[in-house]
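To keep things clear, I will list the structure first and then write my remarks on it.
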Amino acid sequence: MIVGMLLTPVLMRRFDKRSLFIAFCLAGSALYFLYFLYGYQNLTGVLVFTAIAPIPLGCLSILASTMISSTIEYMEWKTGQRNEGIISSSQTFSSKVCIAIGGGLSGLILTLSNYVPNQQQTVATLNVFHGTLTLAPTILLLIAIVPMLFFDLTNEKYAQIVEDLKQRRAS
């Protein structure tokens, strides 16, 4: 993930955020799907996939934060009101809701997979774990593309919005 986080600012200078977001969703989805197909029997392969599959997630983390901050200027430009507090708190709230849902789903998956603590797990249970670890991100990353199809705040449009706001504030 850290590699992706370090790579993102460099890529953002060359490509627009929307295109990068979609590309990293597709890359992450492909990596997790390949991880699913590969399986979990070979420790070396598991370690390799565990190291490289999250790289696009690091990129997406940075991109999502910068896209949210860009909407602050967009909203001010559109409405005349600067509401960074509500935008930032909405992002924090949604993150907490997602964490809560993830925690609840983890417990549900453990229950439905017949997980038995402190015991060797059955092949069926291990298959559920592997499927959850790989197919859930595959599907969710593809779903994350859908809102990006409606995100039209390009680098050029954002630069124009910032310029317009500077002119409004100066007058």
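Derivation of every value follows stated rules applied to the coordinates shown; laboratory data play no part. Not measured: the values here are computed from a predicted model. A quick note on method: Cβ atoms are made from the backbone with ideal geometry, for glycine too, and the neighbour counts reach across all protein chains shown.
A few remarks follow.
- Kyte-Doolittle mean at least 0.0, axial Cα span of 27 Å or more - DSSP H helices of the chain: 17-38, 55-79, 84-112, 123-148
- Positive-pole candidate from M1, V116, L133, dipole of the chain, charges at beta carbon: M1
- Set of the range 29-65 residues, backbone N closer than 14 Å to the point 7 Å along the Cα-Cβ line of I139: 33
- Neighbour-limited loop hits for chymotrypsin sites (Phe, Trp or Tyr not before Pro), the range 66-141 (at most 16 other Cβ within 10 Å; DSSP other than H, G, I, E, B): Y115
- Residue of G58, G45, G28 that the Gaussian network model of the chain assigns the largest fluctuation, springs spanning Cα pairs under 10 Å: G45
- Mean shadow area of the range 25-171 over all directions, Cα convex hull, nm²: 11.1 nm²
- Value at 222 nm in deg cm²/dmol, rounded to 500, when DSSP H runs of n ≥ 4 in the chain each add -39,500 (n - 2.57): -28500 deg cm²/dmol
- Set of aspartates and glutamates with alpha-carbon distance to K96 below 20 Å, sequence-local pairs under 8 removed: E84
- Those lysines that a straight Cα-Cα span of less than 24 Å connects to K78, excepting residues fewer than 8 apart in one chain: K17, K157, K166
- For the peptides 78-84, 67-73, the ranking by packing is 67-73, 78-84, with the highest mean count of neighbouring Cβ atoms within 10 Å listed first.
- Segment M12-I52, extension gain: residue separation times 0.36 nm, minus the distance between their alpha carbons: 12.4 nm
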